Amino acid sequence: MGSSIALADSWALFPNLEWSYDVFLSFRGEDTRSNFTSHLVMALQQKGVNVFIDDKLNRGEQISESLFRSIEESLTSIVIFSKNYAYSSWCLDELVKIMECKKSKGQIVWPIFYKVDPSDVRKQTGSFGEAFTTHQAKFKTKIQIWRDALTAAANLSGWDLGTRKEADLIQDLIKEVSSILKPTCMSLYVAKYPVGIDSQLKKLRSNFNYWTQDEPSISVYMVGIYGMGGIGKTTLAKALYNKIAYQFEACCFLSNVREASKKFNGLVQLQETLLYEILKVDLKVDNLDRGINIIRNKLRSKKVLIALDDVDKLEQLEVLVGGHDWFGAGSIIIVTTRNRHLLSIHEFDQKYRIQRMNLNDALKLFSWHAFKKSHPPSTYLDLSKRATSYCKGHPLALVVLGSFLCTRYDQAEWASILDEFENSLNKDINDILQISFDGLEEKVKEIFLDISCFLAGEKVDYVKNILNACHFNADFGIIVLMDLSLIIVENDKVKMHDLIRQMGKKIVNGESSEPEKRSRLWLVQDVLKVLSDNSGTDAIKAIKLELPKPTRLDVDPRAFRNMKNLRLLMVGNARFSTDIKYLPNNLKWIKWHGFAQKSLPSSFITKDLVGLDLQHSLIRNLGKELKDCQGLKFVDLSYSTSLEKISDFSAISSNFIELYLSNCTKLRTIPTSIASLDKLVALNLNHCLNLKKLPNYLMLKSLKILKLGYCQKLEELPDFSPSSNLQKLYLNNCTKLRVIPESIRALDSLLTLDLTKCTNLEKLSNYLALKSLVYLKLSGCSKLEKFPEIDENMKCLRFLDLDFTAIKELPSSIGCLNELSVLDLEGCTNLISLPSTIYLLPNLRHLRLNGCSRIEMLPNKWHPTNDPVCSSPNHKHFVEFTISELENCKISNADFMNMLCDVAPFSSGLLLSENKFSNRMLSENKSSSPPSCPHKFKPLWNLESRDSKLSSTFPRNGCHWLLIVE
């Protein structure tokens, strides 16, 4: 049931899911093709939006039937009205067809007024009036049709460029399009400039038997994309995934399978991720064999889309997508690999070798990165063609070389760089990548090598924190590397192509044949050699020793003594046979998960330390060896179950920014000196099961995130009023909390307040005035009987979870929540009625009343004379629910349905099971017939009911989900 609800909500506006394009673009080429339109198309494609754009330079007078079909097969249309738009009869015919589709198919249309006055479009004055004068003689029969279309389109809600920046308008439009499209599977980032993707997709799909059959596929189809590194396999797989994702019940894209499977239990973790993405349930997988059975048993009846990126071993295929019989009919499995042989062994239905880019696409991709537009300036055309030819159609080489030359503004410099490359022997992609590295400043080279050897794939903020600790102005270096396309930021992670990473590691390994004389060590055998024979030198700047599983190692206790320039130390799953006696004083960042000593070495001078990450350590007293380390900003001792005490913070550092102590189960108190940490931004004390008390007064003016979930012995909260910048407060499962202090009202910046399952909470506040609050979660607060009055300025709240509380009534001031989108009251068995002001909620989309067994009738429509609370001329007098969940409410009043039809005619989903809409009840209705109004539910998409007679009164046209349980 849950999945059908989510699907109905996501696609409530679009009952027909079969379309070819997300957006049809109508524009006048001579006005906007090379500027605004090209930038808009690129921005849409970057978001995975499938855009139809007819960019033929020469058009005839008659619009083609294929173009009409493209309009009909588009979900939405964007019309760019520009100065010369109306001079084109083709554009005007397009617009007429678009407006017809809006009327007949419900197509969404967005007008953009690009350097034209909307009133000129609406009234056909100015350049639009002049255009009609030229059309008068030749198109006499079409004139009025065109006028009507222009007037109707101009009256729609859209965007007027006016004095705004084009980039700002495009971003606003992208947000609107994205919010409407809401696909069943989130679209993936494809590429900054997705050039040539459509042609590759066309070639791939032309041989794709899944789409060439007359009937939908009844089997599972496996397609493998193979080719050399950097050729665009991942990009094509993402584009295909985005293109077809809407057709499936569930989707999953597993990135970097090769790297992920190298980690301890890496394949098991991939199995768990796959199951979660498909089922949205956390399932524990103990081993690979159990994982295979779970995947096969749970997914064999589901039509799924699964993509595995960068597979390099047969075992990865065998444990993740073992056979065609693992998945439901119509499922598609996409795999990318450099090894075609793997696809043959695993009996893939299609093996597609990705092609190098043709000359035109190669020049276009190079130009986007070198000049930020689709074609090079005429003065650089020959140089650009020359550079492009060296790349031999290799996308990664084109991106890197174009980005490198982008900052060179002299043609002579371009020629010199290309001459040098041309004169080198054995030219290949690595030589092109090396050009970019050689051109970096020394400090940026250091940052590049740290990322390539240690930090690629980590979260952006984590990477920045480490690099800023180890380097001066690392943010600048990161920007330079992004500008040169040597790194990208995707899904909040810093990513680097394998070939670029390999180049960085090759550079470091080339420093010396002896590991101890290299600047960075990450290969296990190299690190172990240096640590076991105590051969470290001051050449070593960073070490990473992460083993696939916990391993006991014999190392020299003074192994780090001679590494005087070591600044970064990362250790995981290593259990040293003896305590380390010495750590270099130059260390800036220590990440040592499973640190098996009770304290840091006493000789370690920590004044230069910035980050200390000792998760799962045996540390007992934080601060015992940390004296006068004012540079320390980041500390993470999560899961350090031996930690009992924290020393005076003022004696450690006053510059803490992030402090993570989650699951420190022996920790009982936090010292009052925490109030001195006026730079602290994040404090995580989740699952500190024995924490009984916090300081009475939290003067943490910089604090933005405070997590206290599952602190089950915490009875009182501190005064929050000084922490005025707090944005997220998590108190979920604090089962001894009874009241929330009134000081919480001072948190004007608070966005999220989570009190889920605070089972003894009796009082929230007398008055709720959190003007920035977006999420309020009170689910499972089973003793909470009263919800406070709401301030009229509390306009940001979008999600209000009150399910399974003891709430008896809602205040009439709930009508002030203009942005409220989801109101969850499931299981509120004490709730008797709703206030009429609920109809003042203009954005309420989802109302859950499941199990509210005492509610028998919806309230009468709101009228200001009856309840003047929150009255405003801007309020609508009815609510536009899209999903109404009313299961198990025991409703027996036939008038209930008539009221629902009247107040919520735009519902796309009604869940009515487990009510008392019996035939006897219906016959006792005054009209001796079922409710007379269900035909008003025209957008109805999902209906679930126990009563077949009631269900038969609802419109079937377009209702994709109809469940009648007798």
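Structure above, values below:
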{"quantity": "Whichever residue in the range 824-858 is within 17 Å of LEU900 (Cβ to Cβ) and among the hydroxyl-bearing types (Ser, Thr, Tyr) and, among such residues, is modelled with the lowest pLDDT", "calculated": "TYR839"}
{"quantity": "Condition check for LEU365: in contact with a strand residue (DSSP E or B) (Cβ under 7 Å, 6 or more places away or on another chain), surrounded by 23 or more Cβ atoms within 10 Å (Cβ to Cβ) and either modelled with pLDDT of 95 or more or not assigned by the TED database to the domain that holds VAL220 (or both)", "calculated": "no"}
{"quantity": "Test for GLU72: is it surrounded by fewer than 22 Cβ atoms within 10 Å (Cβ to Cβ), in contact with a Cys (Cβ under 9 Å, 6 or more places away or on another chain) and closer than 20 Å to SER20 by Cβ", "calculated": "yes"}
{"quantity": "Residues of the range 239-249 classified as touching a strand residue (DSSP E or B) at 6+ places or on another chain (Cβ under 7 Å), crowded, with 20+ Cβ neighbours inside 10 Å and more than 10 Å from GLN200 (Cβ to Cβ), total", "calculated": "3"}
{"quantity": "Residue that is least open to solvent (accessible area, probe 1.4 Å) [pool: residues in the range 532-553 that are of a type in the set (D, E, K, R) and in contact (Cβ under 8 Å) with a residue 24 or more places away in the chain]", "calculated": "LYS544"}
{"quantity": "Hits in the range 554-566 (condition: open to solvent by less than 20 Å² (accessible area, probe 1.4 Å) and not aromatic (Phe, Trp, Tyr))", "calculated": "VAL555, ALA559, MET563, LEU566"}
{"quantity": "Residue match in the range 603-610 (condition: farther than 19 Å from CYS629 by Cα, crowded, with 21+ Cβ neighbours inside 10 Å, modelled with pLDDT of 90 or more and of a type in the set (A, V, I, L, M))", "calculated": "no"}
{"quantity": "Tabulated pairs, the range 270-284, first farther than 16 Å from LYS303 by Cβ, second part of a loop (DSSP other than H, G, I, E, B) and among the basic types (Lys, Arg), C-beta under 9 angstrom, 6+ apart or interchain", "calculated": "GLU272/LYS284"}
{"quantity": "Contacts under 8 angstrom Cβ, first residue in the range 239-267 being within 28 Å of LYS544 (Cα to Cα), partner in a loop (DSSP other than H, G, I, E, B) and open to solvent by less than 10 Å² (accessible area, probe 1.4 Å), 6 or more apart", "calculated": "none"}
{"quantity": "Residues located in the range 363-384, provided they are of a type in the set (Gly, Ala, Ser), within 13 Å of LEU401 (Cα to Cα) and within 32 Å of the chain's Cα centre (by Cα)", "calculated": "SER367, ALA370"}
{"quantity": "Members of the range 509-524 that are closer than 17 Å to PHE454 by Cβ and not hydroxyl-bearing (Ser, Thr, Tyr)", "calculated": "ASN509, GLU511, PRO515, ARG518, ARG520, LEU521, TRP522, LEU523, VAL524"}
{"quantity": "Extreme residue, modelled with the lowest pLDDT, among residues of the range 675-732 that are closer than 26 Å to SER782 by Cβ and basic (Lys, Arg)", "calculated": "LYS693"}
{"quantity": "Single match in LEU761, LEU751, LEU820, LEU797 (criterion: of a type outside the set (D, E, K, R), open to solvent by 30 Å² or more (accessible area, probe 1.4 Å) and out of contact with any Gly (no Cβ under 7 Å at 6 or more places or on another chain))", "calculated": "LEU751"}
{"quantity": "Test: residue in the range 600-612 that is under 31 Å from the mean Cα position of the chain (by Cα) and part of a loop (DSSP other than H, G, I, E, B)", "calculated": "yes"}
{"quantity": "Extreme residue, nearest to LYS243 (Cα to Cα), among residues of the range 43-52 that are touching a Phe, Trp or Tyr at 6+ places or on another chain (Cβ under 8 Å) and open to solvent by less than 20 Å² (accessible area, probe 1.4 Å)", "calculated": "GLY48"}
{"quantity": "Selection from the range 85-101 of residues that are open to solvent by 10 Å² or more (accessible area, probe 1.4 Å) and either among the β-branched types (Val, Ile, Thr) or under 18 Å from TRP159 (Cα atoms) (or both)", "calculated": "VAL96, MET99"}
{"quantity": "Subset of the range 624-656 [closer than 23 Å to LYS704 by Cα, open to solvent by less than 50 Å² (accessible area, probe 1.4 Å) and either part of a loop (DSSP other than H, G, I, E, B) or touching a residue at least 60 places away in the same chain (Cβ under 8 Å) (or both)]", "calculated": "GLY631, LEU632, PHE634, LEU637, SER638, SER653, SER654, ASN655, PHE656"}
{"quantity": "Residue identified as in a strand (DSSP E or B) and aliphatic (A, V, I, L, M) among LEU737, LEU726, LEU683, LEU714", "calculated": "LEU683"}
{"quantity": "When residues of the range 264-280 are limited to those that are surrounded by fewer than 18 Cβ atoms within 10 Å (Cβ to Cβ) and out of contact with any Lys or Arg (no Cβ under 9 Å at 6 or more places or on another chain), the one farthest from SER219 (Cα to Cα)", "calculated": "GLY266"}
{"quantity": "Residues (crowded, with 23+ Cβ neighbours inside 10 Å, in a loop (DSSP other than H, G, I, E, B) and at pLDDT 90 or above) located in the range 471-485", "calculated": "none"}
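Yes/no per residue for (1) polar (S, T, N, Q); (2) at pLDDT 90 or above:
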| site | (1), (2) |
| --- | --- |
| ILE5 | no, no |
| PHE27 | no, yes |
| ALA43 | no, no |
| GLN62 | yes, no |
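Residue-by-condition table, conditions (1) more than 30 Å from PHE604 (Cβ to Cβ); (2) in contact (Cβ under 8 Å) with a residue 12 or more places away in the chain; (3) open to solvent by less than 10 Å² (accessible area, probe 1.4 Å); (4) acidic (Asp, Glu):
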| site | (1), (2), (3), (4) |
| --- | --- |
| ARG668 | no, yes, no, no |
| SER676 | no, yes, no, no |
| LEU694 | yes, yes, no, no |
| LEU706 | yes, yes, yes, no |
| SER721 | yes, yes, no, no |
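The values are calculated or read from the model by the stated rules, or taken from the named source; none is laboratory data. A quick note: this is a predicted structure, and the numbers were derived from the prediction, not measured. For neighbour counting, all protein chains shown are included, and Cβ atoms are generated from backbone atoms with ideal geometry for every residue, glycine included. Heavy atoms of the whole protein, side chains included, go into the accessibility calculation; ligands, DNA and RNA do not. Shrake-Rupley method; radii C 1.70, N 1.55, O 1.52, S 1.80 Å.
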